[in-house]
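Below is one structure, written out as structure tokens; comments come after it.
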Amino acid sequence: TDFLALCQDNLPTPDKGVTSFSWIKNRDAADDHAFYDSSRGPQKEWRNSETSETTLGDGLQKFLKGGFAIEDDDAINTKSESYVAWNWVGNAGTEVANTAGSGANVATTVQVNDTAGFSICRFTGTGSNLRFAHGQSAAPEWIFAKRLENNTGAATHVYHHNTNTTTGINYYTHLNEPDAKVNVTNSWRAVTSGYVELGTNSNTNASGDDIVAYCWRGIPGFSKFGIYGGNGNTNGTFIHTGFKPSWLMVKCVSNAGTGWEIRDNKRSASGGFNPIINSLFAHANQAEATDDNCDFLSNGFKWRASGDNRNTSGYTYIYMAFAEHPFLGDGTNPCTAR
């Protein structure tokens with residue numbers, strides 16, 4: 001009497017936001033990185049390769065408070081294999097249409113969490129210069145843009161606000177490739193507080209094709225998107241973020257053949273303590289590796305080794321980092337250093 005069936009919908013929910021963007025990777029096998037978001041809807045997956053979006057009946061089924069429900073697709077749920085999922089909270093799947101005054105000139109639907117500096121934007125490419133609304137109150141600093149409808153030539157383009165500190169707006173990199181930054185005028189053209197302007201590059205603006213863009217901006221004490229130079233020393237470069245990172249992705253933009261290296265405090269072989277040595281690579285489908293040491297500190301991160309992916313002298317790197325314990329935030333007290 002009064003008992004409920006044991007199923008996901010009847011379990012207690014945590015006091016967390018509903019996941020809006022999930023990035024999932026098999027740690028044990030050479031599977032692709034899988035990406036889902038609640039704007040496109042459950043079962044709609046794209047992978048970090050030059051392939052189109054697919055609908056998987058056995059993929060991610062539902063976005064939940066603090067997580068998601070999945071079926072048994074190999075890329076996200078193979079028996080006895082270990083996975084990691086990195087998740088961002090948007091607006092619980094609720095989108096709004098392009099708003100007047102944003103400066104956008106194409107129909108755009110956006111899901112926005114302005115407090116966290118994150119939005120998901122969907123629009124249709126025109127093949128000529130366009131402006132899409134990002135929905136945030138300030139200009140994004142990091143963007144992933146993905147063409148969803150072409151099996152070839154659909155590389156994931158990345159914008160970073162200071163890839164080049166003097167002429168950075170035309171530079172892009174590919175999330176699915178180990179290349180250096182590329183300077184062309186037909187990719188990113190402008191990023192403002194109201195819109196993102198794209199050129200005619202087919203990866204981000206093919207006529208008639210659906211495009212999704214994930215936009216972030218730095219929030220003090222919560223996230224930071226920066227740039228640094230390597231020193232090639234085992235007593236490596238220290239990068240100040242203003243918080244202790246929980247998740248970090250780094251990419252060399254000055255030299256090709258360098259990977260998108262991802263570290264976090266959950267996969268660490270040391271149980272979350274320094275050094276953080278477990279790495280995955282956004283551009284590759286390889287299993288997790290154990291690489292040179294990195295320390296997550298109370299106010300940033302520090303390399304304890306050299307290496308092309310992270311700390312070679314004369315190389316330039318971009319990074320995106322998110323905090324473990326935000327120092328500042330809406331309704332939260334400052335957090336003491338750990």
The lone condition residue 107 fails out of (1) touching a Gly at 6+ places or on another chain (Cβ under 9 Å); (2) at pLDDT below 95 is (1)
Search result, residues across segment 219-236 that are in a strand (DSSP E or B) and hydrophobic (A, V, I, L, M, F, W, C): 225, 227
Residue under question is residue 171, and the condition is that it be buried (at least 18 other Cβ atoms within 10 Å of the Cβ), touching a residue at least 24 places away in the same chain (Cβ under 8 Å) and closer than 26 Å to residue 221 by Cβ; does it hold? no
If you scan segment 246-283, which residues turn out to be more than 18 Å from residue 297 (Cα to Cα) and open to solvent by 20 Å² or more (accessible area, probe 1.4 Å)? 254, 255, 256, 257, 283
When restricted to 192, 204, the only residue open to solvent by 20 Å² or more (accessible area, probe 1.4 Å) and not charged (D, E, K, R) is 192
Can you say whether residue 61 is in contact with a Pro (Cβ under 6 Å, 6 or more places away or on another chain), not β-branched (Val, Ile, Thr) and not in a loop (DSSP other than H, G, I, E, B), as far as the supplied structure shows? yes
Among the residues of segment 127-135, is there at least one that is more than 23 Å from residue 17 (Cα to Cα), assigned to a strand (DSSP E or B), open to solvent by 30 Å² or more (accessible area, probe 1.4 Å) and charged (D, E, K, R)? yes
Residues located in segment 220-245, provided they are open to solvent by 20 Å² or more (accessible area, probe 1.4 Å), hydrophobic (A, V, I, L, M, F, W, C) and farther than 20 Å from residue 274 by Cβ: 222, 227
Matching entry among 173, 200 (being in a loop (DSSP other than H, G, I, E, B), under 24 Å from residue 49 (Cα atoms) and of a type in the set (S, T, N, Q)): 200
Residues (open to solvent by less than 40 Å² (accessible area, probe 1.4 Å) and touching an Asp or Glu at 6+ places or on another chain (Cβ under 9 Å)) located in segment 39-63: 39, 40, 45, 46, 48, 49, 52, 56, 59, 60, 63
Subset of segment 66-84 (residues that are under 20 Å from the mean Cα position of the chain (by Cα), surrounded by 15 or more Cβ atoms within 10 Å (Cβ to Cβ) and not aliphatic (A, V, I, L, M)): 67, 68, 83
Select from segment 254-312 the residues that are farther than 23 Å from residue 28 by Cα and either in contact with a helix residue (DSSP H, G or I) (Cβ under 9 Å, 6 or more places away or on another chain) or part of a strand (DSSP E or B) (or both) and list them in ascending order. 295, 296, 297, 300, 301, 302, 303
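The values are calculated or read from the model by the stated rules, or taken from the named source; none is laboratory data. Fair warning: this is a prediction, and the values are worked out from it, not measured in the lab. As a convention, Cβ positions derive from the backbone with ideal geometry for all residues, glycine included, and neighbour counts pool all protein chains shown. Just the protein is used for accessible areas: all its heavy atoms, side chains included, with ligands, DNA and RNA removed. Shrake-Rupley method; radii C 1.70, N 1.55, O 1.52, S 1.80 Å.
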